[in-house]
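The values are calculated or read from the model by the stated rules, or taken from the named source; none is laboratory data. Predicted, not measured: the structure shown is a model, and the values here were computed from it. Cβ atoms come from the backbone with ideal geometry, glycine included; neighbour counts cover every protein chain shown.
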Amino acid sequence: MAQIGMDLNRFILEEERSHPKATGSLSLALTALTSAARIISSHVRMAGLADILGSTKNINIQGEEVQKLDVLSNNILIQHLSDSGQFFALASEELDEPVFPEKGKNGKYTIAFDPLDGSSNINVNVSIGTIFSIHKKVKGNIQDILQEGRKQVAAGYIVYGSSTMLVYSTGNGVNGFTLDPSVGLFLLSHPRMELPERGKIYSINEANYSKWDKKLKSYVDSLKEKNSSARYIGSMVADIHRTLIKGGIFCYPADLKNKNGKLRLLYEVAPMSFLIEQAGGKATTGSKDTLSIKPESIHQRAPVFLGSKSNVEELLTFLKK
Ligand code: AHG
Ligand code: MN
Ligand code: MN
């Protein structure tokens, strides 16, 4: 059993040793990822001083204004993941098309990532993050990126909050590591994270209330009659991190304007759903498990309701009425 304070590198190696057929490739992949995360973290902490706050005045494929930190984080991840040689293909929120790194020709994995999640919060010093989803290479083509979430080999996030934390799973539970900036090491701080069976916090952008369908409206209205608390940070990573620790439910539903919701399946909904399920929770589009969706395109969106099993099951009773 891993002890609190264990260094991430040792944790990764111990996990590798527990898989007799492991070749060490996933360990190298995760190590490259966490090196990039440490560098992004140091830039995030300095963003207010360096000229990396603000917008690049460019609009990305999502139709959103690209922040300088989005670009910087994306470049750092592309460089470290490509150099690791472990990834056949990389898909990023910030790139229209996937990248097939020269050094990754024999890589065993593909990775999809959101280099900087919660961009609208960068300039107001509110928690932001990086989200990643790793799949095995199967056919050696773009289809290896478009696999359903249940097949993920690893998924997780780094949250740049009051401290920098890495939370991830390789399918054997969820563990949280806190960065000790004085030594630059991620140390195990939250072993085997498990969602409370039920939580009183609901997290949804109520500014969209008028665009929701009436069943969702009646669900949210019912919460106001109960002992509930509303929390909405606007960075998915921060809202999910709180949900993992305190329980409750996070929702980004479809609405009249966004027929498939706003969040992207490959590098937001699927990795977070994987973590929530691994921590004993539930993740649904409202009509099916988010992890069962077969993606058709890299940037496709999906509605998502996820969190404590009891909270999600209560929501589903309203949606099925
Ligand atoms: P990103 O900054 O990577 O584009 O992601 C922002 C997402 C997600 O972090 C958050 O849950 C959601 O946008 C908030 O959207 P609204 O502002 O529409 O509520
Ligand atoms: Mn995002
Ligand atoms: Mn982003």
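Structure values in brief
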{"item": "Which numbered condition Val66 fails, given (1) buried (at least 18 other Cβ atoms within 10 Å of the Cβ); (2) within 16 Å of ligand 3 (Cβ to nearest atom); (3) at pLDDT 95 or above", "result": "(3)"}
{"item": "The range 100-125, residues that are modelled with pLDDT of 95 or more and either within 14 Å of ligand 2 (Cβ to nearest atom) or under 20 Å from the mean Cα position of the chain (by Cα) (or both)", "result": "Tyr109, Thr110, Ile111, Ala112, Phe113, Asp114, Pro115, Leu116, Asp117, Gly118"}
{"item": "The range 69-93 - residue that is crowded, with 24+ Cβ neighbours inside 10 Å and assigned to a loop (DSSP other than H, G, I, E, B) and, of those, nearest to ligand 2 (Cβ to nearest atom)", "result": "Glu93"}
{"item": "Residue tally, condition surrounded by 14 or more Cβ atoms within 10 Å (Cβ to Cβ) and either in a loop (DSSP other than H, G, I, E, B) or touching a strand residue (DSSP E or B) at 6+ places or on another chain (Cβ under 6 Å) (or both), over the range 214-229", "result": "2"}
{"item": "Qualifying residue in the range 259-280 (condition: over 21 Å from Ser133 (Cβ atoms) and either part of a strand (DSSP E or B) or touching a helix residue (DSSP H, G or I) at 6+ places or on another chain (Cβ under 9 Å) (or both))", "result": "yes"}
{"item": "Those residues of the range 222-250 which are polar (S, T, N, Q), more than 16 Å from ligand 3 (Cβ to nearest atom) and either modelled with pLDDT of 95 or more or under 9 Å from Gly199 (Cβ atoms) (or both), in sequence order", "result": "Ser222, Ser228, Ser229, Thr243"}
{"item": "Hits in the range 231-258 - residues which are closer than 19 Å to Pro303 by Cβ, free of Cβ contacts under 8 Å to residues at least 60 places away in the same chain, surrounded by 14 or more Cβ atoms within 10 Å (Cβ to Cβ) and not polar (S, T, N, Q)", "result": "Tyr232, Asp239, Phe250, Tyr252, Pro253, Ala254, Asp255"}
